[in-house]
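Report on the following structure.
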Amino acid sequence: MIKRVHFPASPLPYLLVAPQIVITIVFFLWPAGQAFYQSFHIEDAFGLGSEFVWFENFEVLFTDPLYLATFWRTILFSALVAVVSMGTSLVLAAFADRVIRGATFYRTLLIWPYAIAPVLAGAIWSFMFHPTLGIFPYFLEMAGIDWNHYMSGNQAMALVVLAASWKQIAYNFLFYLAGMQAIPKSVIEAAAIDGAGPVYRFRTIILPLLSPTTFFLLIINAVYAFFDTFGIIHAVTKGGPASSTTTLVYKVFTDGFIGLDLGGSAAQSIVLMVMVIALTVFQFRYIERKVEY
Amino acid sequence: MSKIKFDYVRKSYGPNEVIHGINGTIEDGEFVVIVGPSGCGKSTLLRMVAGLETITGGEIKIGEKVVNKLEPAKRSIAMVFQNYALYPHMTVFENMSYGLKIRKVPKAEIKRRVEETAEILELTPYLKRSPRELSGGQRQRVAMGRAIVREPEVFLFDEPLSNLDAKLRVQMRLEIKKLQERLGITSIYVTHDQVEAMTLGHRLMVLNGGNVEQFGTPIDIYLKPETLFVATFIGSPAMNILDGRLSDDGTAAILTTGEAIQLAKPLLSHKGQAIKLGMRPEHLIRCDADKALLYLNADVVEQLGADTILHANLGGSGETVIARIDGVVPAASGERFSFTIEPENLHVFDSDKGKRIN
């Protein structure tokens, strides 16, 4: 039996949560409701009236090969961002865990990228890789690679993945480092005495013990790549060339605000919303109970 | 199996030297217990043997090999940690076979050895479980199993029983002793526990402030402590130490209260010097007032059933003396007791250096 604490009825608690409720209603529920409403309508070309069309917007969406291509592209993009940024941060955390002198300095440096706004991060990378001004295309040319992400879809994708991953490394790094420091030192020492070298120890002891962290970060990174990379894509490639870096979120923007297909764009945001909800539920269900141990 | 040799082993952290040149040899198959107060360097010394700490100076030899620069994996040692250090994501079987797998022992051989070891340690029913499904004592046994299965030349134990409850500790203590005798593997065991120190090992190394105070059999150390530190550290309740001086002919110790206590042998070279006189609480014998060497006024009386611990002061002086009397002795605070002691149970120490002189 659960005993609950009873407080005398008072308006104070409601007053205290009111700001949060208001924010949620104004900035989330209201727009979400609006999107829901619009996703069932088609607006006429001049924005003078709209017609209720049931699920036509969704039907069009799911039969549109461009939308499906965007969907798979987004999956690829998310997977690449997760792998690149988690892989890099795992290696960095493994080194940071071993560093004794100057550890705080090293960690502070690694955490900096997190404090940079997405658009700025995008701008930095797009300058560094600018085909005529950037330093990296200069080096790449020496290696015989002709870099122009305004022309090549694959290069554009690589650059966006790089910029998005770089931004997320700091976050992953922090979690991995904390995870590693939570592993008892004696377990690692026991493995060393058992004859395991540093790499084997990392593979058979540290990595499995980090699996709850990895799982958590996988979800977080997926959500990040799906929904929080608009700024970077907008700054680096604007979804181009030829939609080769247009992800689902970016397509909502281009279809809705550039293509002015408000109904279709709203339908897309509803699909995205369902995905976020699914991911969040998944995370809450499985993160709470530990994966390993 | 092999012997371990310490040759002027030192350890510093930056400018702080924590171990100041330790010498000693541990024979093949011998069980040596290292004991000392916290911070005396006993765990550090063990970890230096294991290769988990670097050796600042001197040499450690295992067998005929100097191991100073060897990786832990190459030293043919196995270690049991205080917190067990089991791999939490592996089953008992995987925990025990981890080291063998790395050494590329054939699968069938691994299975045979793990099962054999599990049999010895009565772990057979638990091989498929993960460590979190085991009790403290079982985990401890898995940790030992992991060490045994490797068939190392040397076992290192770092306070392996201090996380267990009192009853289990007694049981595991006996098991470790039996196991070491059965396997005959050279072992070093670090502890701060009196009973473990006295009962487990063939020899005892008493460490204090990074120096070896005494290295000998537990009984020798009990009967003939070489320094004041060893005298008060080994034995419970601790040895009573009284200020005094030797008589002018060197045959008796004279306490500050004036009593003269006859020594077993005259100490001619120290005649008239200031000394510290040590008497173990259990060596004080109650006697009639006319034969008494010491008169004690009881302050606190602790009844333990099997014996009675008397916390008393020496004949009205400020010096506290503890006496252990067999059986139940009805006594009240303030009551006066008379005690005598056999001359061979007296320990005489130099007052300045704290070294034994009798």
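Scanning region B:95-104 for residues that are surrounded by 17 or more Cβ atoms within 10 Å (Cβ to Cβ) and more than 8 Å from chain A (Cβ to nearest Cβ) gives B:Asn95, B:Met96, B:Ser97, B:Leu100.
Counting only helices (runs of 4 or more DSSP H) that fall entirely inside region A:100-193 and contain at least 3 residues that are surrounded by 20 or more Cβ atoms within 10 Å (Cβ to Cβ) and more than 14 Å from chain B (Cβ to nearest Cβ), the qualifying elements are A:118-128, A:153-181.
Taken across region A:94-107, residues that are touching a Ser or Thr at 6+ places or on another chain (Cβ under 9 Å) and in contact (Cβ under 8 Å) with a residue 24 or more places away in the chain do not occur at all. Does region B:41-75 hold any residues that are among the small types (Gly, Ala, Ser) and either within 11 Å of chain A (Cβ to nearest Cβ) or in a helix (DSSP H, G or I) (or both), and which are they? Result: B:Ser43, B:Ala50, B:Gly51, B:Ala73.
Wholly within region A:1-71, which helices (runs of 4 or more DSSP H) include no fewer than the required count, namely at least 2 residues that are out of contact with any Asp or Glu (no Cβ under 7 Å at 6 or more places or on another chain) and surrounded by 13 or more Cβ atoms within 10 Å (Cβ to Cβ)? So that I can check it myself, show each step before the final result.
Details: elements: A:12-24, A:30-38, A:56-63.
The qualifying helices (runs of 4 or more DSSP H) are A:30-38, A:56-63.
Looking at B:Val114, B:Val32, B:Val66, which one is more than 24 Å from the chain's Cα centre (by Cα) and either under 19 Å from B:Ile148 (Cα atoms) or aromatic (Phe, Trp, Tyr) (or both)? Result: B:Val114 is the single residue among B:Val114, B:Val32, B:Val66 that is more than 24 Å from the chain's Cα centre (by Cα) and either under 19 Å from B:Ile148 (Cα atoms) or aromatic (Phe, Trp, Tyr) (or both). Using the structure shown, decide if B:Leu86 is at the interface with chain A (Cβ under 9 Å from one of its Cβ atoms) and touching a residue at least 60 places away in the same chain (Cβ under 8 Å). Yes: the conditions hold for B:Leu86. Each residue in region B:264-281 was checked for being crowded, with 20+ Cβ neighbours inside 10 Å and in a helix (DSSP H, G or I), and 1 pass.
Residues checked against (1) in the same structural domain as B:Met279 (by TED's automatic domain parsing); (2) of a type outside the set (Ser, Thr, Tyr); (3) buried (at least 16 other Cβ atoms within 10 Å of the Cβ); (4) under 10 Å from the mean Cα position of the chain (by Cα):
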{"position": "B:Ile188", "(1), (2), (3), (4)": "no, yes, yes, no"}
{"position": "B:His192", "(1), (2), (3), (4)": "no, yes, yes, yes"}
{"position": "B:Gly201", "(1), (2), (3), (4)": "no, yes, yes, yes"}
{"position": "B:Val206", "(1), (2), (3), (4)": "no, yes, yes, yes"}
{"position": "B:Gln214", "(1), (2), (3), (4)": "no, yes, yes, no"}
{"position": "B:Lys224", "(1), (2), (3), (4)": "no, yes, no, no"}
{"position": "B:Leu228", "(1), (2), (3), (4)": "no, yes, yes, no"}
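Taken together, the criteria place A:Thr204 among residues that are within 13 Å of chain B (Cβ to nearest Cβ), among the hydroxyl-bearing types (Ser, Thr, Tyr) and crowded, with 18+ Cβ neighbours inside 10 Å.
The values are calculated or read from the model by the stated rules, or taken from the named source; none is laboratory data. Owing to the predicted nature of the structure, the values given are computational and were not obtained by experimental measurement. Using ideal geometry, Cβ is built from the backbone for each residue, glycine included, and neighbour counts are taken over all protein chains shown.
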